[in-house]
Amino acid sequence: METVVSETSAALQTVDAVVIGAGFAGLYQLYRLREQGLTVRVFDTASGVGGTWYWNRYPGARTDSPSHVYQYWFSDELLAEWDWKERFPAQPETERYLNHMADKFDLRRDITLNTRVSRAVWNAQDARWIVETESGDGRRETVSTQYLITCTGPVSAPMLSPYPGHEAFKGEIVHTARWPKGGVDLKGKRVGVVGTGATGIQVIQTIAAEVAELTVFQRTPNYAIPISNPKYDDADRNALRARYPEIRQTVWSTFVGFDVDADPRAYADVTPEERRATLDRLWADGSLAFWLSGFREAFFDRAVNDELSDYVRDKIRVRIKDPAIAAQLVPSDHGFGTRRVPLENGYFEVYNRPNVRLVDIRAAPIERVTERGLQTAAGEYELDVLIFATGFDASTGTLTRIDIRGRDGLSLKEHWARDLRTAMGLQVHGFPNLFMTSAPFAPGAAFCNAPTCLQQQVDWISDCIRHLREERQARTIEASADLETRWMAHHDEIANMTLISKTRSWYTGANVEGKSSRVLGYLGVGTYRQACEDVKAKGYEGFEIA
Ligand code: NAP
């Protein structure tokens, strides 16, 4: 790393790569680039490493991916020494794992925490990015870098409450993705939760017994699968470790980056009895297998999806005592699996409790926060704590909240507002030497076991940078407009065949006003990885290298 004095900045630090984000992807990206001898700075707004697993410390936060696929594959030593405690680890365990990774590989010395990247401007003359940062204590830094790599996560930019009146509220308001480190005292309080997605469901089922009154403000009911989450002992871990070599190969080629894939049989070839037996077996597994390794037609064929949806509706309905409440909790406006399916643990039984009430905010929308609670069109609800589990501006939000300027001052935010597009989710035409992970139109934006896709993209980016430096002695790489156009056509062709494209959710950007309506994630981890490998094998075909 060298420090030079420029006319515009007192001390401009020069590095080979700046990585934004110190979560799963950012830590691994730092490790990979250091291996090549690059100088790297990593910046993260948080006060610790871990990304999603730093921020989402709300009650009940845990993975919906089993630990044996939710991990790094690059280090045999790490695989051998890390003992997962349960099948679906809770937030503290995953956060500990990522801290362990940072310590084991001595990553912290290149990571600057409490620091937000506010601006990044491409300087065509020097073929470098000028990156500006702001720290929590008001310090600003400017760094010149050849490569800028965003590891900002698919679901990281919280959608804060859009309702007026926050300042009047006498209690505490918190978004689940900004849960205070010291926790929130909920015991014996009147608590309101807005949102019933994967996050809301985990919060609601976890706090219902602890609070005095729980009011759930629901706009859209969700399907959910009961979790089976055994604690692991050494025998369980050894059995899984014995399978690691096989799992580590499999995850790259499946539909969504797990170690299981969709049923190979055509739905039409299976008798109704066999179908039922298959669904029962998958349901009993207590994982996302019911969604992801069932019949693939459920994603495309309305009739098949209807059958599956009815199966799940029946499972939900019988768990709720009051038929009127059951009618509100059973989804009817979308098919099973067309939005993200959460795992749950006693979620539906929560509504049998006397201290829990369900409020339909589709029928009577929220109007504002008041001094005492929340006002809907039907009346005021008195609360001590108001929890917003209202989700994220997925995939694009973290990037458009940074002022990123490419060639000729092109703003990424404005560019994407006009036309949201990427080349394979790895680059955007007009933004040389900017690499992205979990950006739109790669599987990691939405449809992937996140660590699988993040590692695949980091590996691809790292190989690409090695190629540019060692084999081409090149200064810049930029996706061509043609590659972007071809990729978008390919992406849209697959996405538009699915029922997901016809359903409102964060998967299609429908949760953010004004966001481009396009399925955000590429469908098919295996196909995507093959496409990336093909591009690489052909000397990064479709990318302009200079
Ligand atoms: P989400 O799925 O987008 O759910 C947000 C919820 O808030 C929905 O119920 C939504 O209603 C409601 N909502 C949003 N804005 C609202 C508003 N202004 N007024 C009232 N209600 C509003 O967000 P999430 O639950 O945080 O989950 C996001 C993603 O994070 C998940 O899909 C998953 O990928 C990831 N995640 C994973 C885990 C895990 O692995 N265990 C856990 C949590 C989250 P509508 O549906 O009507 O829009």
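The values are calculated or read from the model by the stated rules, or taken from the named source; none is laboratory data. These numbers were taken from a predicted model, which means no experiment stands behind them. All Cβ positions, even for glycine, are placed from backbone atoms using ideal geometry, and neighbour counts span all protein chains on display.
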Practice prompt. Count, please, the residues in region 282-308 that happen to be among the polar types (S, T, N, Q) and not in a loop (DSSP other than H, G, I, E, B).
Written response: 1
Worksheet item: Based on what the data block shows, is ARG275 out of contact with any helix residue (DSSP H, G or I) (no Cβ under 9 Å at 6 or more places or on another chain), surrounded by 19 or more Cβ atoms within 10 Å (Cβ to Cβ) and among the charged types (D, E, K, R)?
Response: no
Fill in: Any chance GLN375 is more than 26 Å from the chain's Cα centre (by Cα), away from the ligand (no atom under 12 Å from the Cβ) and part of a helix (DSSP H, G or I)
no
Item to complete: Please enumerate the residues belonging to region 195-216 that are farther than 16 Å from GLU349 by Cα and either of a type in the set (Asp, Glu) or away from the ligand (no atom under 16 Å from the Cβ) (or both).
Response: ALA212
Worksheet entry | Residue check, TYR70 in contact with a strand residue (DSSP E or B) (Cβ under 9 Å, 6 or more places away or on another chain) and assigned to a loop (DSSP other than H, G, I, E, B) | no
Item to complete: Identify the residue in region 83-92 that is farther than 30 Å from LEU386 by Cβ and surrounded by fewer than 19 Cβ atoms within 10 Å (Cβ to Cβ) and, among all such residues, is nearest to the ligand (Cβ to nearest atom).
Response: GLU86
Discussion item. Tally up the residues in region 117-144 that are closer than 22 Å to GLN427 by Cα, free of Cβ contacts under 8 Å to residues at least 40 places away in the same chain and within 26 Å of the chain's Cα centre (by Cα), please.
Written reply: 1
Worksheet item: In region 511-538, what residues are among the hydrophobic types (A, V, I, L, M, F, W, C), within 16 Å of the chain's Cα centre (by Cα) and closer than 18 Å to PRO443 by Cα?
Response: VAL519, LEU520, LEU523, VAL525
Fill in: Any pair with Cβ under 7 angstrom, 6 or more apart, that starts in region 505-534 at a residue that is away from the ligand (no atom under 16 Å from the Cβ) and ends at one that is of a type in the set (A, V, I, L, M) and part of a loop (DSSP other than H, G, I, E, B)
SER516/LEU420; ARG518/LEU420; TYR528/ALA442; ALA531/MET424; CYS532/MET424
Fill in: Count - residues of region 145-194 that are free of Cβ contacts under 8 Å to residues at least 60 places away in the same chain and within 14 Å of the ligand (Cβ to nearest atom)
1
Practice prompt. Scan region 378-392 residue by residue and report those that are more than 10 Å from the ligand (Cβ to nearest atom) and surrounded by 16 or more Cβ atoms within 10 Å (Cβ to Cβ).
Written response: TYR381, LEU383, ASP384, VAL385, LEU386, ILE387
Worksheet entry | Sole residue being away from the ligand (no atom under 16 Å from the Cβ) and within 25 Å of ASP185 (Cβ to Cβ), chosen from GLY60, GLY48, GLY37 | GLY48
Worksheet item: Do you know which of the residues in region 309-337 that are part of a helix (DSSP H, G or I) and among the charged types (D, E, K, R) is surrounded by the fewest Cβ atoms within 10 Å (Cβ to Cβ)?
Response: ASP314
Worksheet, complete the sentence: Checked ASN229, ASN222, ASN238 against criteria (assigned to a helix (DSSP H, G or I) and of a type in the set (S, T, N, Q)); the one match is ASN238
Worksheet entry | Single residue of ARG407, ARG353 found to be closer than 23 Å to VAL131 by Cα and modelled with pLDDT of 95 or more | ARG407
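Listed here are the residues, each with its yes/no results for (1) of a type in the set (Ser, Thr, Tyr); (2) within 16 Å of the ligand (Cβ to nearest atom); (3) more than 28 Å from the chain's Cα centre (by Cα); (4) more than 24 Å from GLU213 (Cα to Cα).
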position	(1), (2), (3), (4)
ILE316	no, yes, no, no
PRO323	no, no, yes, no
ALA327	no, no, yes, no
GLY346	no, yes, no, no
GLU349	no, no, no, no
ASN355	no, no, yes, no
Discussion item. If I filter region 97-116 for residues that are within 16 Å of the ligand (Cβ to nearest atom) and under 27 Å from the mean Cα position of the chain (by Cα), do I get at least one hit?
Written reply: yes
Worksheet item: Is it true that LYS538 is at pLDDT below 95 and of a type in the set (Lys, Arg)?
Response: no
Worksheet item: If THR196 satisfies every condition in (1) buried (at least 21 other Cβ atoms within 10 Å of the Cβ); (2) within 20 Å of TYR311 (Cβ to Cβ); (3) hydroxyl-bearing (Ser, Thr, Tyr) but one, which is the exception?
Response: (2)
Worksheet item: Of everything in region 486-503 that's in contact (Cβ under 8 Å) with a residue 40 or more places away in the chain and farther than 23 Å from GLN455 by Cα, which residue is surrounded by the most Cβ atoms within 10 Å (Cβ to Cβ)?
Response: ILE500
